[in-house]
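Encoded as structure tokens, the structure appears first; notes follow it.
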Amino acid sequence: MKTFMANPDKIDRKWYVVDAKGATLGRLASEVASVLRGKNKPEFTPHADCGDYVIVINAAEVKVTGKKLDQKIYYNHSEYVGGMRETTLRELLAKKPERVVELAIKGMLPKGPLGRDMYRKLHVYAGENHGHQAQKPVVMEIKG
């Protein structure tokens, strides 16, 4: 029996929608990253992008445990001297709740061109509404 190797022609992609209301950020991110990578499929191939599309709704209502709201800090730099900016999780959830979920999932994907291709299949929305009804997404349940 030959080992199966996935290539872009053989991959069948599906659309999933995940409701993040009340879900723990890290648990949600790891489940979504696994689906984006394609690890939920029997034809998973590490060097190929064989994952599915994922839509995350209600990103503003994600929860975290402990003191992470005030102690977790996101850094970004403007590339100028002294251009380091710090933002706490609480501030980022108030301004751009989608970004919190996107960054958590992005950190769990492979680095490099393969990971960037996987990341492009993620769509995160702060509220209930999304513009992907035409793709007929299937509801995916998150454990925990």
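Observations
- Scope the stretch 15-36; condition of a type outside the set (A, V, I, L, M, F, W, C) and either open to solvent by 60 Å² or more (accessible area, probe 1.4 Å) or in contact with a Phe, Trp or Tyr (Cβ under 8 Å, 6 or more places away or on another chain) (or both); matching residues: 16, 19, 21, 27
- Taken together, the residues in the stretch 73-117 that are under 18 Å from the mean Cα position of the chain (by Cα) and either closer than 24 Å to residue 24 by Cα or of a type outside the set (Gly, Ala, Ser) (or both) amount to 25.
- Exactly one residue out of 90, 116 is closer than 25 Å to residue 135 by Cα, of a type outside the set (Phe, Trp, Tyr), open to solvent by 60 Å² or more (accessible area, probe 1.4 Å) and out of contact with any strand residue (DSSP E or B) (no Cβ under 7 Å at 6 or more places or on another chain): that is 116.
- Residues of the stretch 117-144 classified as closer than 21 Å to residue 96 by Cα and either among the aromatic types (Phe, Trp, Tyr) or not in a loop (DSSP other than H, G, I, E, B) (or both), total: 5
- Top-ranked residue in the stretch 37-58 [being in contact with a Pro (Cβ under 8 Å, 6 or more places away or on another chain) and aliphatic (A, V, I, L, M); ranked as surrounded by the most Cβ atoms within 10 Å (Cβ to Cβ)]: 55
- Only one entry in 67, 63 is basic (Lys, Arg) and without any contact (Cβ under 8 Å) to a residue 12 or more places away in the chain, namely 67.
- Selection status of residue 98, open to solvent by 20 Å² or more (accessible area, probe 1.4 Å), in a helix (DSSP H, G or I), in contact with a strand residue (DSSP E or B) (Cβ under 7 Å, 6 or more places away or on another chain) and modelled with pLDDT of 95 or more: yes
The values are calculated or read from the model by the stated rules, or taken from the named source; none is laboratory data. Keep in mind it's a predicted model, so treat the numbers as computed, not measured. Positions of Cβ are generated from backbone atoms using ideal geometry, with glycine treated the same way; all protein chains shown enter the neighbour counts. The accessibility values were calculated without ligands, DNA or RNA, using every heavy atom of the protein model including side chains. Shrake-Rupley method; radii C 1.70, N 1.55, O 1.52, S 1.80 Å.
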